[in-house]
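Worksheet: one structure, shown below.
The values are calculated or read from the model by the stated rules, or taken from the named source; none is laboratory data. Predicted, not measured: the structure shown is a model, and the values here were computed from it. Here the Cβ positions follow ideal geometry from the backbone for every residue, glycine too, while neighbour counts run over all protein chains shown. Protein only, heavy atoms only, side chains kept; ligands, DNA and RNA dropped before computing areas. Shrake-Rupley method; radii C 1.70, N 1.55, O 1.52, S 1.80 Å.
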Amino acid sequence: MIIDGRVSQDPEILRRLLRAKDRMDAASHEEWPVRRLARVSGVSEAHFARSFKEAFGIPPHRYLLTRRIERAKALLRDTDLAITEIAFQTGWSSLGTFGRTFRDVTGDSPGELRAREKAAPHQLERVPVCFVSAAHRPDLTIAVSEKRRQDADGMNESDETEVP
Amino acid sequence: MSQGVGMVGLYVRDQDEALEFYVEKLGFKVHTDMKNGDYRWLTVQHPDQPSFQLGLFKPASPVLDAGSAQALREIVAKGAMPPLVLVVDDCRAAFDRMRAAGVEFNQEPVARFGSVDAGFRDPSGNGWKMVQSRRKS
């Protein structure tokens, strides 16, 4: 449906897509293949990824990645857990992949981020913690592979070629 | 209180459904429910907060044009409306009671920073944090 030149989505389906997003938020360390997300939303696997991206502006697997990085940042900042343990708790099976992806997304290695955050004073105690968490979510507007390539090429702009 | 915020409105997809949710499941009371043609002014109140009303409004004509109404229905369904906070004395007890009543929780109670908080959504998609009053913790 198109209203005023804008592509419109059925609110009933959006509400169910939101349920899939909520489920990833609640358990971002778990695996969320499209089949599982589509089942939560009650939509077909074929339509899920596209509908999710239209609704939330980001493909579901990349949304999950932002949540994992956000959680890892919070654990680095607020706990003394070993980095290996944080990688494991936030859903990575390999410390190498965690470290590389973390650096690609945030620009810092997990250890660098922890050292800097621990040194900086925080004034967020008056904000409910869930909203603090959202404020620290990485704004990942391009695929990590694309970000990696841009950084390597020294480029600032590129067409997004990722297929959801 | 003679001055201050008296009412804040939420957009909901269906006012009957919202009324049932906020009254039957959350324990609010109806303050005003008036219909005028297709328009319905519906507000509810927390039983401990007589000076504040929560409005439950449907984004629809005659107040809004069709395109704006549709855009708002989508935004609400995507959970993109601003955060809401419900303060309770005992977060875990409220969680148990509300979940048994069928409330859709998106976060189970977590103890952190001297309090306990949980998260739930109303049927329309509005997201609430339920935070335990720090006085009790």
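If the requirement is being away from chain B (no Cβ under 14 Å) and among the hydrophobic types (A, V, I, L, M, F, W, C), which of these qualifies: A:ALA27, A:ALA20, A:ALA49, A:ALA74?
Details: A:ALA27 fails: away from chain B (no Cβ under 14 Å); A:ALA20 fails: away from chain B (no Cβ under 14 Å); A:ALA74 fails: away from chain B (no Cβ under 14 Å).
Step by step, each of A:ALA27, A:ALA20, A:ALA49, A:ALA74 is checked, and only A:ALA49 is away from chain B (no Cβ under 14 Å) and among the hydrophobic types (A, V, I, L, M, F, W, C).
Restricting attention to region B:90-102, does a residue exist that is closer than 17 Å to A:ARG16 by Cα, open to solvent by less than 30 Å² (accessible area, probe 1.4 Å) and not charged (D, E, K, R)? Checked region B:90-102: no residue is closer than 17 Å to A:ARG16 by Cα, open to solvent by less than 30 Å² (accessible area, probe 1.4 Å) and not charged (D, E, K, R). Evaluated against (1) touching a residue at least 24 places away in the same chain (Cβ under 8 Å); (2) at the interface with another protein chain (Cβ under 9 Å from one of its Cβ atoms), B:VAL110 falls short on exactly one condition, (1). Exactly one residue out of B:MET130, B:MET34, B:MET98 is within 11 Å of chain A (Cβ to nearest Cβ) and at pLDDT 95 or above: that is B:MET130.
So which residues in region B:45-60 are open to solvent by 80 Å² or more (accessible area, probe 1.4 Å), within 14 Å of B:ARG13 (Cα to Cα) and more than 14 Å from every other protein chain (Cβ to nearest Cβ), if there are any at all?
Here is the first cut: in region B:45-60, the ones open to solvent by 80 Å² or more (accessible area, probe 1.4 Å) are B:48-50, B:58.
Pick out the ones that are also within 14 Å of B:ARG13 (Cα to Cα) and you get B:58.
Once the filter is applied, which keeps residues that are open to solvent by 80 Å² or more (accessible area, probe 1.4 Å), within 14 Å of B:ARG13 (Cα to Cα) and more than 14 Å from every other protein chain (Cβ to nearest Cβ), region B:45-60 yields nothing.
Okay, residues lined up against (1) at negative phi; (2) out of contact with any helix residue (DSSP H, G or I) (no Cβ under 7 Å at 6 or more places or on another chain); (3) not in a helix (DSSP H, G or I):
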position	(1), (2), (3)
A:LYS53	yes, yes, no
A:ARG62	yes, yes, no
A:ARG71	yes, yes, no
A:LEU75	yes, no, no
A:ASP80	yes, yes, yes
A:ILE86	yes, no, no
A:GLY96	yes, yes, no
A:ASP104	yes, no, no
A:GLY111	yes, no, no
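Residues are listed down the side, and each one gets a yes or a no for (1) within 30 Å of A:ALA115 (Cα to Cα); (2) surrounded by 14 or more Cβ atoms within 10 Å (Cβ to Cβ); (3) in contact (Cβ under 8 Å) with a residue 60 or more places away in the chain:
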| residue | (1), (2), (3) |
| --- | --- |
| A:ARG15 | no, yes, no |
| A:ARG19 | no, yes, no |
| A:ARG23 | no, yes, no |
| A:ALA46 | no, no, no |
| A:ARG67 | yes, yes, yes |
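Could you check, for region B:27-50, whether at least one of its residues is under 28 Å from A:ARG23 (Cβ atoms) and not charged (D, E, K, R)? There is at least one residue in region B:27-50 that is under 28 Å from A:ARG23 (Cβ atoms) and not charged (D, E, K, R). Filtering region B:113-122 to residues that are surrounded by fewer than 21 Cβ atoms within 10 Å (Cβ to Cβ), out of contact with any strand residue (DSSP E or B) (no Cβ under 6 Å at 6 or more places or on another chain) and more than 8 Å from every other protein chain (Cβ to nearest Cβ) leaves only B:GLY114. Looking across region A:26-44 at every residue that is part of a helix (DSSP H, G or I) and open to solvent by 50 Å² or more (accessible area, probe 1.4 Å), the one that is farthest from B:ALA80 (Cα to Cα) is identified as A:ARG35.
Restricting the search to region B:1-30, which residues are free of Cβ contacts under 8 Å to residues at least 40 places away in the same chain and closer than 26 Å to B:ALA100 by Cβ? I'd like the intermediate steps shown before the answer.
From region B:1-30, those free of Cβ contacts under 8 Å to residues at least 40 places away in the same chain are B:2-3, B:16, B:19-20, B:23, B:27-30; that's our starting set.
Residues satisfying the conditions are B:ASP16, B:LEU19, B:GLU20, B:VAL23, B:GLY27, B:PHE28, B:LYS29, B:VAL30.
Listed by first and then second residue, the pairs with beta-carbon distance under 6 Å, at least 6 apart or on different chains, first residue in region B:61-82 and at the interface with chain A (Cβ under 10 Å from one of its Cβ atoms), second open to solvent by 70 Å² or more (accessible area, probe 1.4 Å), are B:GLY67/A:ASP4. A single entry from A:GLY42, A:GLY91 fulfils the requirement of being on the phi > 0 side of the Ramachandran plot, more than 11 Å from chain B (Cβ to nearest Cβ) and more than 13 Å from the chain's Cα centre (by Cα): A:GLY42. The combined condition, being open to solvent by 50 Å² or more (accessible area, probe 1.4 Å) and either within 18 Å of A:ASP25 (Cβ to Cβ) or at pLDDT below 95 (or both), is fulfilled by A:ASP80.
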